[in-house]
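*Asks:* Starting off with a structure, shown below.
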Amino acid sequence: MSNFLAVATVTAALQRMLQESAAIDVPEARVSTARPDIRQNGATGSGVNVFLYQVFLYQVTPHAALCDVDLPTGGAGGRLVRRPQAALDLHYLLSFYGDDTLLVPQRLLGSTVRTLHARPVLTPDVIKAVVDAAGAEQPIHPDLARSDLADQIELVRLTPLPLSLEQLSNLWSVLVQTPYVLSVAYQASVVLIEDALTPRPVLPVRESELVLTPLESNQASSAPPPKVTAVSANGSPASSMTVMTNVVLGRGQQVVLRLFDRSHPKGQHRFDTLVRDDETKQVDVPISGVASGTYLVQVYIDGAASQLERGEDGNLAGREVTLG
């Protein structure tokens, strides 16, 4: 995961990417990270302004799919068994400045959209360049030298956000006495922030006891936990995995696939999909960004997880899949 510097690192990485392209397309342009009203009142000349917006729809919001995956974080006696994790989506307003008679704002808009369409992911190399620049002899954003966003398993992806006329009006009306300039909005997702705590390993549940309370119908039933009976990777490199379970699935059920790399302490991947067929025990789950190697497989079906065991050597054990 990454530490509290992750949000600022995303902004700095976005600034760096856009500066590299703007320096070629509009050499005199500079990329800033100020509030739009401060940018208009203080800075002069051509440029792009990157602003992390926090009003109305354009703000820092919890990432819906990952905001609760760290629960529970405490075990018996209050001991930590998993680090608390915050999952965020960041919303940015990109504004363009320059001589309108020379179409500078529109040229910068084209440069920015092209760059973010061609490079829609903040790769570890881009993030490491920000960290290296923070520790250079003439540092840029020196406080980011301790950022570890490059170690985050989930890549931060940049996607455009469409803005209606009403949304644009609401957005700029917050910036009192600040004239509208040519702008677009982008979302950066997902940013995972962990506390620097050391969790204690816990053993898996070996036995469980289920007590059923009869309802008015005097009938109750319980379903067995899901189990991965077979798994295979499709394609080279793999673009999806076919998972067979002992549970009959129905159309619309959610299946979450988790892959664990036991050779890396943070080597976990999470993918999800919806079942498209009726009465099936097989589902294809799209995957991406997983390096070659052997992974331990776990599935969640509507929140119920397949069980992992711990071998005599103390390591987790279960169904495995090898990606070439």
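Nothing in this text is a laboratory measurement; each read-out follows from the coordinates by a stated rule. Note that the structure is predicted; figures quoted are calculated from it, not measured. Counting neighbours? That spans all protein chains shown, and the Cβs are built from the backbone with ideal geometry, glycine included.
*Asks:* At a Förster distance of 56 Å, what's the computed FRET efficiency of Phe4 paired with Leu103, Cβ-Cβ distance as r, to 0.05?
*Replies:* Plugging the Cβ-Cβ distance into 1/(1 + (r/R0)^6) gives 0.85.
*Asks:* Here is a further query. Regarding the range 91-176, what are the three Cα extents along the principal axes, ordered largest first, in Å?
*Replies:* Taking max minus min along each principal axis of the Cα atoms, the range 91-176 gives 40, 30, 29 Å.
*Asks:* Within 10 Å of each residue's Cβ, count the other Cβ atoms and sort Leu259, Leu52 from fewest upward.
*Replies:* Ascending Cβ contact count within 10 Å gives the list Leu52, Leu259.
*Asks:* Continuing with the same structure: Using Cβ contacts closer than 10 Å as the measure, can you line up Phe51, Phe4 from fewest to most?
*Replies:* Going from sparsest to densest Cβ surroundings: Phe4, Phe51.
*Asks:* Sort 301-309, 123-131, 159-167 for me by packing, meaning the mean count of neighbouring Cβ atoms within 10 Å per residue, highest on top. List each step's numbers first, then the result.
*Replies:* Working: 301-309: 14.3, 123-131: 17.6, 159-167: 11.4.
Top of the packing list down: 123-131, 301-309, 159-167.
*Asks:* P(r) of the range 228-323 in 5 Å steps, Cα pairs, percent per bin?
*Replies:* 3, 13, 26, 26, 18, 10, 4, 1, 0
*Asks:* Report the FRET efficiency, 1/(1 + (r/R0)^6), for Gln138 and Ser173, where r is their Cβ-Cβ distance and R0 is 25 Å, rounded to 0.05. Kindly include the intermediate steps, with their values, before the conclusion.
*Replies:* On the way: r = 40 Å, r/R0 = 1.59.
Efficiency computed from Cβ-Cβ geometry: 0.05.
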